């Protein structure tokens, strides 16, 4: 038997997060069994972990080895949004890494026995996880599970943004929440590939952080000159596509408006429908939980939409996706290095004080779960 | 010399609409000279006619034959949005129809001499207009200039919506401000072609109007049950694309949210990223001048964007566009019939009382300008 973290929301609106004891899975012919030694808490994991629960109502119970956290999901829209998962105990954890301790009969599976691999597929907040070989990535010689724990979500998301930019015909891009782990990674990719990147951050100290990492265009949305700064950077780079992690509030629309203003600096004649250049903002996160709001001051050639890694990978197909994965492996300790402020055990994931830190989703408070660590 | 309506916004923020006396243009080899006898006031024309001026400040001056209307454009964002047209006297009027009174030397131009044609290309609020043959549409035998005055903007926009729906892989569509001239036209196209159309209107009497025209799905956004009604219609029709004339406010987002709810009625398992079905709303107008606002309760597979007729026609190419135009000609008096509440002269366009009516952009107050009519 082995531990697996579970999140359950009952029909009555009660969230319960706990550790379940489950059988160690047996790998199928083309699967490997991984002893997980590192799994990051990504913003996308928090959504599944706590759902729409109001975590200010969180209470601890259980024992030190088997802690339980309960909290209330507000009635109404919040609870309704959870309809499809009610009364289903759900495993959590998008990605992780560890050592292959058992392998199916296929040559591809057997080749991984004893190796350290990264994997994607959910249910990684567990001591053991069996996954198809296709959902793993063999880490390069010398890379540990900690090095490889975040090999999928952030690296492929950052590479996917650059790939989307290229495929949709843009020459430079904008990223918000740019001081995040993902943002720093995207900055390293763009520096390496010679792509102009406009980094939008929310605090002056984040400007310094990115500057220290060699970023050229950094706009602080808390500065009174933000819109002018952004328009200037957009005019200089020609960026007409943005990836916005905040989702809510006015930022997405402001980016479109500044893009239009930057384009119009060199416009030759008046068009009442705005510039003919298509401007695109993808909302790939929801750090800002407010409604999204914009004034339509950017003409008619614009788009806003959701962007998500897996549909993107499906769209480009397995061969193109494999190219991206191999780049991650070969630059794992440089371009795609992740940093964690703390490594915690499965039991510590359920500690109220610890939750209060990692659930902030704040830059610099990224936690790594190590299910092999005793609590 | 002939009369041409002009709109001018000065750097100081003063709008002046007047009638200019301009030389009758001479058609080029592949052009025809049209004596305009009908040109509609479309919402898209009002944007150019009055710009960002505050029409509550409008004042009349000039003579009965040469009236002048002046108004103030508020300083700040409103005036800045007009930058590219400041101090340029602009002709107005997207489309119109009339008799070809002079033709260039090309056989195509000569073939139109004496015929009644519709035309697109701006500057139609004028007694005479020379346009390339490619921008005209020969009206069928027996059709008058009044019948053909609105042959381009509304008919091609409505056909373009259906064509966009097909090309983007949707099977039914949603339209807002559905009781408008354009909306009635779209309803006739969909009934003829057997396409399910969800009509969103703003008043109970518009429900009756569309019902009387055979529309099957009509949702009144002023009804307390609007969101349920809309979700029901979306579930029944499977519509996953919408064309929204209002642009501002919450309607666009509500449509996406109801689409997601309709899809989830039959969802088999919970996905924290929402349904995988792409949901699209195109904002093609701005009847609601408030900011656009939405809560992101529709997963990640969604898009919102601008939609405009001419970029669409460019995208599909001249051959596909010609097919649409020929359909307009052959169904001009049935599917594509337009109705006007009043026919006015060029001078009457500048009458303050008249402006107060047609500038409401309200359903049932569509005016037709007849520049051949004495004032």
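The values are calculated or read from the model by the stated rules, or taken from the named source; none is laboratory data. Values in this document were obtained by computation on a predicted structure and should not be read as measured data. Positions of Cβ are backbone-derived with ideal geometry, glycine not excepted, and every protein chain shown enters the neighbour counts.
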_Take residue A:198 and tell me if it is outside the structural domain of residue A:33 (by TED's automatic domain parsing), in contact with a strand residue (DSSP E or B) (Cβ under 8 Å, 6 or more places away or on another chain) and surrounded by fewer than 21 Cβ atoms within 10 Å (Cβ to Cβ)._
no
Pairs returned, first residue in segment B:73-88 that is within 9 Å of another protein chain (Cβ to nearest Cβ) and over 10 Å from residue B:13 (Cα atoms), second residue that is at pLDDT 85 or above and part of a loop (DSSP other than H, G, I, E, B), beta-carbon separation under 8 angstrom, 6 or more apart or interchain, are B:77/A:297; B:81/A:297; B:81/B:52; B:85/B:51
Scanning segment B:158-180 residue by residue, those outside any loop (DSSP other than H, G, I, E, B) and buried (at least 22 other Cβ atoms within 10 Å of the Cβ) turn out to be B:158, B:159, B:160, B:161, B:165, B:173, B:174, B:175, B:176
Is it the case that segment B:126-143 has a residue that's outside the structural domain of residue B:305 (by TED's automatic domain parsing) and at positive phi?
yes
Residue B:373 passes all but one of the listed conditions (1) assigned to a helix (DSSP H, G or I); (2) over 19 Å from the mean Cα position of the chain (by Cα); (3) surrounded by 14 or more Cβ atoms within 10 Å (Cβ to Cβ); the exception is number (1)
Here the residues within segment A:359-375 that are over 19 Å from residue A:3 (Cβ atoms) and touching a residue at least 12 places away in the same chain (Cβ under 8 Å) are A:359, A:361, A:363, A:364, A:365, A:366
Taking segment A:107-133 and keeping residues out of contact with any strand residue (DSSP E or B) (no Cβ under 6 Å at 6 or more places or on another chain), more than 14 Å from residue A:25 (Cβ to Cβ) and free of Cβ contacts under 8 Å to residues at least 60 places away in the same chain leaves A:107, A:111, A:114
Among B:268, B:250, the single one that is in contact with a strand residue (DSSP E or B) (Cβ under 8 Å, 6 or more places away or on another chain), facing chain A (nearest Cβ under 10 Å) and without any contact (Cβ under 8 Å) to a residue 60 or more places away in the chain is B:250
